[in-house]
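Encoded as structure tokens, the structure appears first; notes follow it.
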Amino acid sequence: MADEAPRPSAARRPAGRGELKQERAVQTRAQILRAAAEAFAAKGFPAVTILDIAELTGMTKGAVYFHFANKEALAAAVADEFYHRLRGLADAVTAEELPPLPRVTTYLTRTATAFRDDVVIQAGARLQLERSLIDSALPQPYRDYTALLARWLDEAARAGELTAATPEAFARVLVASLFGAQHISWVLTDRADIADRIQEIIQVTLPG
Ligand SMILES: CCC[C@@H]1OCC(CO)=C1C(=O)O
């Protein structure tokens, strides 16, 4: 058999047409998702049309429908990405191996700035407010965020750092405070002062 160049390993082999096509589909879906988040955050679910999203992305309506069956499927996908990003913030804070109370305050602070800076977070919060208008199974709101804070606050309680209330009650108060503060900040300052508001919540509820 004539000497043949060794077959490149998969790691070195240039991407095939199928892989390039798949990568392009992933990128297109992400582009549509971001445009949907921008539209939902700015106009609200009821007012947004698939044409809006096509125009925001420069795609045809058909291209959008290829990835998402309807507007409800888009809302569900944006909501899922919203919770994925909240979990990602929590994972990053956990990786810093902070003591429990600094872990809680760091997570609250980063969540607040994500509300200010991340349109997917802004869209997720608004979609949950509009959930009764969306014929799609959105995740149950507040549950996971509250349970995570309660787990971390329970560590603080077991270390004797939390005496004012039970971890569960404290977690509910913090989630209500953060959710309320980001909503008030959105209405009054388009979330410009959300970071200051969350610092005030932390200073009042978790002093020292
Ligand atoms: C402040 C943490 C709560 C979080 O922020 C907005 C929102 C939307 O419902 C949330 C959720 O569902 O967990």
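The values are calculated or read from the model by the stated rules, or taken from the named source; none is laboratory data. All values derive from a computational prediction rather than experimental measurement. Neighbour counts are summed over all protein chains in view; Cβ atoms, including those assigned to glycine, are modelled from backbone coordinates with ideal geometry. Accessible surface areas use protein heavy atoms only, side chains included; no ligands, DNA or RNA. Shrake-Rupley method; radii C 1.70, N 1.55, O 1.52, S 1.80 Å.
Numbers for the structure displayed
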{"item": "Vicinal HN-Hα couplings computed from phi for segment 136-143 (Karplus, 6.51 cos²θ - 1.76 cosθ + 1.60; Hz; Gly/Pro x)", "result": "8, 7, 7, x, 5, x, 6, 4"}
{"item": "The chain - accessible surface per residue (Å², probe 1.4 Å)", "result": "57"}
{"item": "Solvent-accessible area, 1.4 Å probe, carbon plus sulfur percent, for segment 42-148", "result": "55"}
{"item": "Pairwise FRET efficiency - Glu55 versus Arg172, Cβ, R0 = 30 Å, nearest 0.05", "result": "0.10"}
{"item": "Per-residue HN-Hα couplings for segment 20-36 [Karplus 6.51, -1.76, 1.60; θ = phi - 60°; Hz; x = Gly/Pro]", "result": "5, 5, 5, 5, 5, 5, 5, 5, 5, 4, 5, 5, 5, 4, 5, 5, 5"}
{"item": "Phi-based couplings in Hz for segment 152-166 (Karplus 6.51, -1.76, 1.60; Gly and Pro marked x)", "result": "5, 5, 5, 4, 5, 5, 5, 8, x, 9, 10, 10, 6, 7, 5"}
{"item": "Spatially proximal aspartates and glutamates relative to Lys43 (Cα-Cα < 18 Å; intrachain offsets below 8 disregarded)", "result": "Asp52, Glu55, Glu72, Asp117, Asp118, Glu130, Asp135, Asp190"}
{"item": "Theoretical FRET efficiency, 1/(1+(r/R0)^6), r = Cβ-Cβ of Asp117 and Val204, R0 30 Å, to 0.05", "result": "0.80"}
{"item": "Kirkwood Rh in Å, taken over the chain so that all alpha-carbon pairs contribute", "result": "19.5"}
{"item": "Per-peptide average of other Cβ atoms within 10 Å, ordering 69-81, 164-176, 30-42 highest first", "result": "30-42, 69-81, 164-176"}
{"item": "Neighbour net charge for Pro99 - beta-carbon separation under 15 angstrom, K R +1, D E -1", "result": "-2"}
